[in-house]
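A short write-up of the structure that comes next.
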Amino acid sequence: MSKKEKKADGEDQPVEVLYGLFWQLTKKEISIHHEGLLEHLRQRGFCWIRIDDKKRLVKLSGKKVQDVDITDITDHVYQYIQTEVPENLGYDFKKSDLLNLFVRGIDNYINFPKLRLLGIKEIQFHFDTKTESFFYFQNGVVKVTADKINLIAYSELNGYVWKNQIRPYNINLSSDGTTAGDFKEFCFRVCNKDVKRFESLQSIIGYILHRYWSPSLTVVPCFLDETINGSDEAQGGTGKTTICLALGKIRNMVDIDGKDFKPGGNFRFQRLDLDTEILFIDDLDRNTSFEFCFSIVSAGLEVNQKNKPAFKIPKERTPKIIISSNFPLKSIAGNSTERRKVEFEVSSYYNAENKPLQEFGREFFQDWNAEDYNLMFNFFIFCTQYYLKHGIIQPPTINYELRKVISAVGIDLKEFLDLKILEGKDKLNKKDLHEEFLKSYTGLKDFYRSPHKFTQKVHKYLNYRNIPYRETPANKKSYIEMDLSGVPTNEDEGGDG
């Protein structure tokens with residue numbers, strides 16, 4: 001192609017113009033073609049996608065998608081000129097001239113008004129189904145069903161995968177999916193080497209890793225310490241946090257310190273994004289009510305990030321929620337609450353004196369090599385298949401019911417009321433009961449100074465123990481009368497004699 005310029009005698013003559021991918025040259029100048037640069041970016045996968053009625057700037061590569069910003073695009077163009085443009089462009093211009101031109105005019109060539117012209121692409125994201133689960137690795141995708149585990153190519157997927165969801169490892173599937181490794185053995189010991197508890201734990205792990213939402217199947221697993229001491233303080237070192245954090249090695253996880261977690265805070269979920277697959281709340285405060293989970297699992301998540309537009313994660317793509325705590329989840333009693341949670345009590349096999357480091361001789365994760373991770377990934381994949389086959393296997397309860405009572409009323413009041421029940425006293429004067437308790441536990445006088453508060457705690461105790469009661473007489477309610485017919489007492493054993 002050519003342009004024309006004036007000869008000295010005023011006649012027009014053709015001007016030879018050389019065109020590059022997004023630049024053009026004449027003998028006198030080099031320039032960048034703005035639409036040509038946009039088309040180059042389109043060809044390299046840069047575009048906008050629409051999510052929740054909002055546009056996001058991304059780069060598509062095969063079946064992979066990643067968020068980008070204006071800096072990423074600037075870096076791409078700069079690197080492209082440096083590495084892929086020939087040294088000699090034509091006439092007397094060199095690659096360094098094009099590079100210098102781009103650097104001098106970056107804000108002119110790449111800015112949001114121009115980038116908005118890249119266009120919008122409608123894409124579908126790849127996700128798990130009711131009967132299938134997928135794990136993304138560098139060398140392919142592991143497809144898991146109840147009957148089969150196999151490695152497939154990304155080209156076989158019917159949707160896009162966030163690049164951050166791809167683990168930076170090559171997976172080597174074991175022949176039967178049950179290859180032993182340090183982490184599998186650790187989980188078995190965390191269950192106190194109890195086969196039934198281990199089967200339950202595997203099913204719970206599989207549920208967490210299966211990225212599928214169903215209103216009838218959605219629950220929140222909670223990991224508790226089985227051991228209870230007099231103060232009900234956290235045991236620490238039992239392995240419940242290690243189990244949860246390990247899941248973040250195969251799925252995208254955001255972990256939140258439960259002590260600082262504010263369910264009503266505007267930015268409580270600001271670290272979550274559309275590629276988040278697990279939300280782990282570690283060491284949830286005992287006063288935080290489980291009800292905050294209801295709206296998440298039923299309606300999705302509203303994410304407010306500072307200095308960024310808010311966006312919605314729909315319920316079908318909501319990350320699985322897992323909680324670790326030393327206390328039973330505080331909640332309103334009822335079927336809707338019970339069916340939404342699964343509490344697994346972690347044994348005290350590991351503790352302050354007996355740590356995994358002593359048994360395995362190395363720190364988990366940081367001292368591992370690729371084979372150690374491969375063994376753990378295979379175990380997780382097997383757990384997912386185990387879940388797809390069997391669903392969630394409810395864990396055996398160890399001290400959970402006892403812990404609920406202690407969490408509600410305190411160890412001292414529990415033991416005090418236990419003794420009354422054991423003595424077969426089915427009618428208690430509320431005033432006398434309050435005074436007797438304060439005389440026996442002088443250190444709790446300030447906490448239980450209010451008779452009303454004390455009576456409320458007694459009611460909680462009786463409710464947790466499923467002991468029917470009523471206050472009499474109707475006009476004064478001075479007494480608590482209980483039906484102890486289904487409760488073992490000393491009276492059932494003939495008293496003291």
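When you look at Val195, is it without any contact (Cβ under 8 Å) to a residue 24 or more places away in the chain and in the same structural domain as Gly248 (by TED's automatic domain parsing), yes or no? Yes, satisfied.
Test each condition in (1) part of a helix (DSSP H, G or I); (2) more than 30 Å from Val219 (Cα to Cα) for His459 and report the one that comes out false. Against the list (1) part of a helix (DSSP H, G or I); (2) more than 30 Å from Val219 (Cα to Cα), His459 comes up short only on (2). Please specify each residue of region 277-289 satisfying the condition of being out of contact with any helix residue (DSSP H, G or I) (no Cβ under 9 Å at 6 or more places or on another chain) and either part of a loop (DSSP other than H, G, I, E, B) or among the aromatic types (Phe, Trp, Tyr) (or both). Matches in region 277-289: Leu284, Asp285, Asn287, Thr288.
Residues that are part of a helix (DSSP H, G or I), over 25 Å from Leu402 (Cβ atoms) and polar (S, T, N, Q) within region 188-229 comprise just one, Gln202.
Filtering region 247-280 down to residues that are modelled with pLDDT of 90 or more and polar (S, T, N, Q), which residue is farthest from Pro319 (Cα to Cα)? Applying the filter and picking the extreme gives Asn252.
Filter region 399-449 down to residues that are among the hydrophobic types (A, V, I, L, M, F, W, C), in contact (Cβ under 8 Å) with a residue 40 or more places away in the chain and within 30 Å of Ser347 (Cα to Cα), then give me how many there are. Show your work before the answer.
Just the residues of region 399-449 that are among the hydrophobic types (A, V, I, L, M, F, W, C), to begin with: 402, 405-406, 408-409, 411, 413, 416-417, 419, 421-422, 428, 433, 437-438, 444, 447.
Then keep just the ones that are in contact (Cβ under 8 Å) with a residue 40 or more places away in the chain; that gives 402, 405-406, 408-409, 411, 413, 417, 421-422, 428, 433.
Of the ones still in play, those that are also within 30 Å of Ser347 (Cα to Cα) are 402, 405-406, 408-409, 411, 413, 417, 421-422.
The qualifying residues number 10.
Checked across region 102-117, the condition of being modelled with pLDDT of 95 or more, within 22 Å of Lys163 (Cβ to Cβ), surrounded by 16 or more Cβ atoms within 10 Å (Cβ to Cβ) and of a type outside the set (D, E, K, R) holds for at least one residue. Candidates in region 128-171 are the residues that are touching a Gly at 6+ places or on another chain (Cβ under 7 Å) and either in the same structural domain as Phe46 (by TED's automatic domain parsing) or not β-branched (Val, Ile, Thr) (or both); of these, the one that is nearest to His390 (Cα to Cα) is Leu151. Determine whether region 49-56 contains at least one residue that is modelled with pLDDT of 95 or more and surrounded by fewer than 18 Cβ atoms within 10 Å (Cβ to Cβ). Checked region 49-56: no residue is modelled with pLDDT of 95 or more and surrounded by fewer than 18 Cβ atoms within 10 Å (Cβ to Cβ). When each of Asp412, Asp432 is tested for being out of contact with any strand residue (DSSP E or B) (no Cβ under 8 Å at 6 or more places or on another chain), assigned to a helix (DSSP H, G or I), surrounded by fewer than 19 Cβ atoms within 10 Å (Cβ to Cβ) and at pLDDT below 90, the lone residue that passes is Asp412. Taking region 371-398 as the range and being part of a helix (DSSP H, G or I), more than 18 Å from Phe186 (Cα to Cα) and hydrophobic (A, V, I, L, M, F, W, C) as the test, only Leu388 passes.
So, Asp412, is that one acidic (Asp, Glu) and either at positive phi or in contact with a helix residue (DSSP H, G or I) (Cβ under 9 Å, 6 or more places away or on another chain) (or both) or not? For Asp412, the condition - acidic (Asp, Glu) and either at positive phi or in contact with a helix residue (DSSP H, G or I) (Cβ under 9 Å, 6 or more places away or on another chain) (or both) - is met. When you look at Thr145, is it of a type in the set (S, T, N, Q) and modelled with pLDDT under 95, yes or no? No, not satisfied.
The values are calculated or read from the model by the stated rules, or taken from the named source; none is laboratory data. Please read these numbers as outputs of a predicted model, since none were measured by experiment. Glycine also receives a Cβ, built like all others from the backbone with ideal geometry; neighbour counts cover every protein chain displayed.
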